[in-house]
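The values are calculated or read from the model by the stated rules, or taken from the named source; none is laboratory data. Since the model is a prediction, treat every value here as computed from it, not as a measurement. In this analysis, Cβ positions are derived from the backbone assuming ideal geometry, glycine residues included, and neighbour counts consider all displayed protein chains.
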Amino acid sequence: MGPQLRQKESAADLVQSACREILEHRDKYQFGGEAGFRRWLFTTALRKVRDRVDYYRAGKRNVDREASITDGELANVYADCATPSRDLDMRERIARFESAFDELEADHREVITLARIVGLPHREIAVAMNRSEAASKQLLYRALAELALTLGRHPN
């Protein structure tokens with residue numbers, strides 16, 4: 001989602017909206033196996049995120065013109081989502097991961113998303129990213145290594 005969209009909308013709201021859209025248009029899906037179904041889900045979710053980013057960047061709603069949210073305010077947003085005694089550790093891990101993930105290059109974020117979140121095989125990742133299969137594997141390896149290093153630089 002990126003930090004600017006997270007300031008405006010929760011991931012849960014976007015997931016719910018994407019799921020609603022998927023259910024409304026399920027008759028348009030043509031079975032392409034499990035990988036094809038995941039790709040359709042991912043594409044729908046990605047389109048939803050891009051649409052919301054475009055919405056907030058339009059005219060007077062342009063988030064680039066707003067002051068950024070501070071770490072303390074972000075922690076307060078996440079605090080509203082969970083009970084303090086049970087979910088404190090999870091909130092800290094999520095914030096740490098999101099911060100580290102946002103620091104990655106765009107192609108590193110994309111390959112990690114396609115491989116680890118969407119679960120696409122390397123040949124489909126290669127097609128989606130216009131690379132060879134070997135190059136997509138190498139990119140994923142480098143992206144995960146960079147994410148690990150970035151997470152290591154963030155305090156626990």
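Looking at 52, 39, 20, 47, can you tell me which residue is loosely packed, with under 14 Cβ neighbours inside 10 Å, modelled with pLDDT of 80 or more, in a helix (DSSP H, G or I) and touching an Asp or Glu at 6+ places or on another chain (Cβ under 9 Å)?
47
Of all residues in the range 113-133, those satisfying the criterion of being more than 14 Å from residue 40 (Cβ to Cβ) and not small (Gly, Ala, Ser) are 113, 116, 117, 121, 122, 123, 125, 127, 129, 130, 131, 133. Restricting attention to the range 112-138, the residues that are farther than 19 Å from residue 36 by Cβ and of a type in the set (A, V, I, L, M, F, W, C) total 3. Take residue 95 and decide whether it is surrounded by fewer than 18 Cβ atoms within 10 Å (Cβ to Cβ), assigned to a helix (DSSP H, G or I) and more than 17 Å from the chain's Cα centre (by Cα). Answer is no for this residue. Among residues of the range 1-17 that are farther than 20 Å from residue 106 by Cβ and not assigned by TED's automatic domain parsing to the domain that holds residue 117, those with a beta-carbon under 8 Å from a residue that is part of a loop (DSSP other than H, G, I, E, B) and at pLDDT below 75 at least six positions away or on a different chain give the pairs 9/1; 10/81.
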